[in-house]
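Engineer: Before anything else, here's the structure in question.
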Amino acid sequence: MSNTISSATGRRKTSVARVSLTDGDGKVTINRRPTEEYIHLESLRAFLFQPLKIAGVEGKYDVVAYVKGGGISGQAGAVRHALARALCFADANLRAPLKAAGCLTRDPRMKERKKPGQPGARRRFQFSKR
């Protein structure tokens, strides 16, 4: 087993991802499965690999990610956030381009809680005067 260069945690909605970077040939696994098998949508895979493209290190590191909670979109965002943070820990010079692209910003959007006296977060029960 090769030595870990850096590791980081990323979050999105209710998903939490832990990513480890090691020297390698660019193999990416999520929850011990290849990325193509875990994330079927090409657009989400492109979104996930964005930090590697910006940093210009595709094929230089092996990425091992463990992610739990939420759905596929939230999990892809969490892995992207963790990957960008791990790249910053590996090379401090990558911080500026990753920050400019918005990869280091934790997306604060969460599901709004349901309020008492109504059926959902914003939805109200139907009003009738009589």
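We did not get these values from a lab; they are worked out from the coordinates using the rules stated. Because the structure is a prediction, the values reported are computed rather than measured. With ideal geometry, Cβ positions are generated from the backbone for all residues, glycine too; neighbour counts draw on all protein chains shown.
Engineer: When DSSP assigns beta bridges and you keep just the ones with both residues in the range 4-100, what percent turn out antiparallel, to the nearest 5? Provide the component values of the computation, followed by the final result.
Structural biologist: On the way: 18 of 21 bridges.
Antiparallel bridges: around 85 percent, rounded to the nearest 5.
Engineer: Between rounded, prolate and oblate, where does the range 1-58 land on the alpha carbon gyration tensor, with a ≥ b ≥ c its root eigenvalues, rounded for a/c under 1.5, else prolate if a/b exceeds b/c? Mind showing how you got there, number by number?
Structural biologist: Values: a/c = 1.40, a/b = 1.24, b/c = 1.13.
Taking the square roots of the gyration eigenvalues as a ≥ b ≥ c, the range 1-58 is rounded.
Engineer: Now, a different point. Just to confirm a number: summing +1 for Lys and Arg and -1 for Asp and Glu over residues other than Glu36 whose beta-carbon lies under 15 angstrom from that of Glu36, what do you get?
Structural biologist: Numbers: positive: Lys27, Arg32, Arg33, Arg45; negative: Glu37, Glu42.
For residues surrounding Glu36, the net value is +2.
Engineer: Local charge sum around Ile5 (other residues, Cβ-Cβ under 11 Å, Lys/Arg +1, Asp/Glu -1)?
Structural biologist: Numbers: positive: Lys60; negative: Asp23, Asp62, Asp91.
In short, -2.
Engineer: Also: Report the local net charge at Ser20: Lys and Arg +1, Asp and Glu -1, summed over other residues whose C-beta lies under 14 Å from its C-beta. Provide the component values of the computation, followed by the final result.
Structural biologist: Values: positive: Arg18, Lys27, Arg32, Arg85; negative: Asp23, Asp62.
Net charge around Ser20: +2.
Engineer: So what is the relative contact order of the chain, in percent, for Cα pairs below 8 Å that sit 6 or more residues apart?
Structural biologist: Working: 232 pairs, mean separation 40.5, N = 130.
This gives 31 percent for the chain.
Engineer: Let me ask something additional. Name the residues whose placed amide hydrogens come within less than 5 Å of the amide hydrogen of Asn31, ignoring near sequence neighbours (fewer than 5 apart) on the same chain.
Structural biologist: Ala65, Tyr66, Val67
Engineer: Would you mind pulling out the separation of the Cα centroids of the range 62-130 and the range 1-29, in Å?
Structural biologist: One Cα centre to the other: 17 Å.
Engineer: Turning to a different aspect of this structure: Quickly estimate the mean residue ellipticity at 222 nm for the chain, helices only: each DSSP H run with n ≥ 4 gives -39500 (n - 2.57), and the total goes over all residues, rounded to 500. Walk me through the numbers before you get to the answer.
Structural biologist: On the way: 5 runs with 42 residues, N = 130.
Helix-only estimate at 222 nm: -9000 deg cm²/dmol.
Engineer: Mind checking which lysines have their Cα closer than 29 Å to the Cα of Lys129? Skip sequence neighbours fewer than 8 apart in that chain.
Structural biologist: Within the straight-line cut-off, Lys129 pairs with Lys114, Lys115.
Engineer: May I pose another question? Identify, among Pro34, Phe125, Gly69, the residue whose Cα sits farthest towards the positive end of the charge dipole of the chain, taking +1 on the Cβ of Lys and Arg and -1 on the Cβ of Asp and Glu, with the dipole about the Cα centre.
Structural biologist: Final value for the positive-end residue is Phe125.
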